[in-house]
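Participant: I'd like to ask you about the structure that follows.
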Amino acid sequence: MTRPPAFRIPTPGRRSMGGSQRPAPEPVGFGPRRVAVRLVEGVLSRSRPLDGALEAEHDPTGFRALDERDRALARAIAGSTLRRFGTLRALIAAKLEKGLPKKAGPLEAILATGAAQALFMDTPAHTAVDLAVACARADPDARHFSGLVNAVLRGIVAEGAPEPTPGADLPAWLYARWTRAYGAETAAAIALRLSVEPALDLTVKSNPAGWAETLGGVVLPTGGVRLAQGGRVAQLAGFDDGEWWVQDAAAALPARLFGDLQGKRAIDLCAAPGGKTAQLAAAGAEVVAVDKSAERLRRLSDNLSRLKLSAEAQVGDAAGVSLEPADAVLLDAPCSATGTIRRHPDVAWMKRESDIATLAKLQARLLDAALRLVKPGGLLVYCTCSLEPEEGERQIAAFLARAAGRVVVEPVTEAELPGYGEAVGSDGFLRTLPSHLAADDPRLAGLDGFFAARMRVG
């Protein structure tokens, strides 16, 4: 197989015999690799979410300069790298006796993305190595270590891909927390599920069996559709007609806990990106969607328009918004998002353990504010996409103590959520784990980690 041409950095001031300076041509496939390095570096060095680390519109060499296929490749490389980053970091460290050189720019991201392609993707090893070397040569700080990149990656490739080890691809503090909260066996099952890229889940307005057949998916227990091969979402049948929206199966459960909403008034606090708002509206509720970000609310409104659903969008802080009390209030509170690592592997490497206590304080403040927005006899549903008890069970225990006499738990039952019995606890709360929802095909298994509690307000 012919290798891509070697990449050369033009020497400043050097001109061709014709008198004009020409940049060396980029190797085939270099663009998406360079962007993938930037995405990973943004997560590791600047704690920028993967989606938020995309290059600026005006950057002539950035993400938006790539064509659609190369954008997908850049995202896939970055996602694969972060999903197995603990393993990759260990493999790299084993080849560097003195550790990573100082002032080497994005060297770690270059090594990690190169190794991820060679070990965990369908990229030929020599292509992954050559393009990683090209990425090093193109960076003013990493260019001095291009030979090291070549040697380290060739050594890693020669040894082959290791088997997934429970906890190896998570920060030690996070895996230790899950072990304490759920036990060693369950923590290991969660960690191994996170090593598999998840399927695409859709919430459909109607006819799940028909849409599963049309899109080549399977029907989930509560009526969603799961696709093993997603493709570009906007090109799938039914998108333009507003027949469904993308929403993890676990994220679709909390809004179901309100039961019959026909003709009732509902408030969705911290509503963006809007999947739960759409559920409430589709169930027949008159919905007010509150979020502090005007831009995110605009996107929410655009999505609702596509879905031919409506809600009143209100910009505001959920802790201080002034609204007429409603029959149903949903608080999907800001949280550490550790339950979403299977879909957002960058979360594992951006969060710190200290973030959890900070967020728990915010959640308590939002819960107290949400209580004021529920009519007597109405329902309050609190949920987070976190696996941390401080943001779930312990948060609600403290809230019930503060609101003694005003709020009682209305237990969630297995009958309400067929197929998700293992997620319904004896305490009446909902707790989904990434290891739940088994399937013969591992690509069709798993859920995001969610906690939800339903409470009746007196």
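The values are calculated or read from the model by the stated rules, or taken from the named source; none is laboratory data. Everything quoted here is computed from the prediction, not taken from an experiment. Note: ideal-geometry Cβ built from the backbone for every residue, glycine included; neighbour counts use all protein chains shown. With ligands, DNA and RNA removed, areas are computed over all heavy atoms of the protein, side chains included. Shrake-Rupley method; radii C 1.70, N 1.55, O 1.52, S 1.80 Å.
Participant: Helix-derived [θ] at 222 nm for the chain: sum -39500 (n - 2.57) over DSSP H runs of at least 4, divide by residue count, nearest 500?
Facilitator: Values: 14 runs with 171 residues, N = 458.
One gets -11500 deg cm²/dmol as the mean residue ellipticity at 222 nm.
Participant: At 0.36 nm per residue, minus the direct Cα-Cα distance, what do ASP141 and ALA209 gain on full extension? Give it in nm, one decimal, please. Numbers along the way, then the final one.
Facilitator: Values: separation 68, 0.36 × 68 = 24.48 nm, distance 5.43 nm.
Extra length from ASP141 to ALA209 when fully extended: 19.0 nm.
Participant: If you don't mind, there's one more thing I want to ask. Report the residues of the stretch 416-438 in range of a label on THR165: point 7 Å along Cα→C-beta, backbone N strictly under 14 Å from it.
Facilitator: Label zone hits: none.
Participant: Ok, one more. Using only the Cα atoms of the chain, construct the convex hull and provide its projected area averaged over every direction, in square nanometres to one decimal. Working shown, then result.
Facilitator: Numbers: hull surface 99.0 nm².
In nm², the orientation-averaged hull projection of the chain is 24.8.
Participant: Right, another one. Scan around GLY378 for amide H atoms under 5 Å from its own, H built in the peptide plane at 1.01 Å from N, and keep only partners 5 or more places away or cross-chain.
Facilitator: Counting only residues 5 or more places away or on other chains, the set is VAL457.
Participant: While we're on this one: Just to verify a number: FRET efficiency for ALA357 and GLU295, C-beta to C-beta distance, R0 = 22 Å, to 0.05?
Facilitator: On the way: r = 29 Å, r/R0 = 1.30.
Once rounded, the FRET efficiency stands at 0.15.
Participant: Describe numerically, in nm with one decimal, the distance between label points set 7 Å from Cα along Cα→Cβ at ASN150 and at ALA364.
Facilitator: It works out to 5.9 nm between the two label points.
Participant: Could you give the angle, 0 to 90 degrees to the nearest 10, between helix 353-371's Cα long axis and the longest principal axis of the Cα atoms of the chain?
Facilitator: On a 0 to 90 degree scale, this one is about 30.
Participant: Hey, what did the chain get for relative contact order, percent, Cα under 8 Å, at least 6 apart? Numbers along the way, then the final one.
Facilitator: On the way: 843 pairs, mean separation 56.8, N = 458.
Normalised by residue count, the contact order of the chain is 12 percent.
Participant: Exactly which trypsin sites (Lys or Arg not before Pro) in the stretch 201-256 are in a DSSP loop and have at most 16 other Cβ atoms within 10 Å? Please list the in-between numbers first.
Facilitator: On the way: sites: LYS205, ARG226, ARG232, ARG256; in loops: LYS205, ARG232.
In loop regions of the stretch 201-256 (DSSP not H, G, I, E or B), the sparsely surrounded trypsin sites (Lys or Arg not before Pro) are ARG232.
Participant: Still on this structure: Quick check: pseudo-label points 7 Å beyond the Cα along Cα→Cβ at SER305 and PHE239, how many nm apart are they?
Facilitator: 1.8
Participant: To the nearest 10 degrees, how steeply does helix 172-182 sit against the main Cα axis of the chain, on a 0 to 90 scale?
Facilitator: 30
Participant: At 0.36 nm per residue, and after removing the present C-alpha to C-alpha distance, how many nm does the segment from THR222 to ALA398 gain when stretched out fully?
Facilitator: Values: separation 176, 0.36 × 176 = 63.36 nm, distance 3.08 nm.
Full extension from THR222 to ALA398 adds 60.3 nm.
Participant: When the accessible area of the chain is computed with all protein chains present and a 1.4 Å probe, what percentage of it is carbon and sulfur?
Facilitator: Details: 10680 of 20880 Å².
On the chain, the fraction of accessible area on carbon and sulfur atoms equals 51 percent.
Participant: Report ³J(HN,Hα) in whole Hz for each residue of the stretch 257-263, in order, from the Karplus equation J = 6.51 cos²θ - 1.76 cosθ + 1.60 where θ = phi - 60°; Gly and Pro get x.
Facilitator: Calculated HN-Hα couplings, in order: 6, 7, x, 6, 10, 4, x Hz.
Participant: What percent do you get for the relative contact order of the stretch 107-245 when only Cα pairs under 8 Å and 6+ apart count?
Facilitator: Working: 148 pairs, mean separation 20.3, N = 139.
The value is 15 percent.
Participant: Just to confirm the filter: which trypsin sites (Lys or Arg not before Pro) across the stretch 350-422 are DSSP coil and have at most 15 other Cβ within 10 angstrom of their Cβ? Intermediate values should be presented prior to the final figure.
Facilitator: Numbers: sites: LYS351, ARG352, LYS361, ARG365, ARG372, ARG394, ARG402, ARG406; in loops: LYS351, ARG352, ARG372, ARG406.
Here the trypsin sites (Lys or Arg not before Pro) that fit, given the DSSP loop and packing criteria, are ARG352, ARG372, ARG406.
Participant: If you take the charge dipole of the chain about its Cα centre, with +1 on Lys and Arg Cβ and -1 on Asp and Glu Cβ, which of CYS383, LEU153, GLY446 is farthest toward its positive end?
Facilitator: Sorting the options by dipole projection puts first LEU153.
Participant: How far is helix 146-159 tilted off the main Cα axis of the chain, in degrees rounded to 10, range 0 to 90?
Facilitator: With both axes taken from Cα atoms, the answer is about 70 degrees.
Participant: For the chain, what is the accessible area per residue in Å², given a 1.4 Å probe and the full set of protein chains?
Facilitator: Values: 20880 Å² over 458 residues.
Accessible surface, normalised per residue, equals 46 Å².
Participant: With both partners inside the chain, how many of the DSSP beta bridges are antiparallel, as a percent to the nearest 5?
Facilitator: Working: 21 of 40 bridges.
DSSP beta bridges in the chain are roughly 50 percent antiparallel.
Participant: Counting only GluC sites (Glu not before Pro) that sit in a DSSP loop (anything but H, G, I, E, B) with at most 13 other Cβ atoms within 10 Å, what is the longest stretch of the chain containing none of them? Don't skip to the end; give the middle numbers.
Facilitator: Numbers: sites that count: GLU57, GLU97.
Between exposed loop sites, the widest span is 98-458.
Participant: Further, regarding this structure: Spin-label point model (7 Å from Cα, Cβ direction): what's the GLU416 to ASP440 distance in nm?
Facilitator: It works out to 3.3 nm between the two label points.
Participant: For HIS436, which sequence-distant residues (separation of 5 or more, or a different chain) have an amide H within less than 5 Å of its own amide H, given hydrogens modelled in the peptide plane?
Facilitator: Here LEU447 satisfy the definition.
Participant: Moving on. In what sequence, largest accessible area first, do THR127, THR179 appear using a 1.4 Å probe?
Facilitator: Putting THR127, THR179 in descending order of accessible area: THR179, THR127.
Participant: Turning to a different aspect of this structure: Starting at the first residue of the stretch 232-237, write each ³J(HN,Hα) from the Karplus equation 6.51 cos²θ - 1.76 cosθ + 1.60 with θ = phi - 60°, in whole Hz, x for Gly and Pro.
Facilitator: 6, 4, 5, 9, 6, 4
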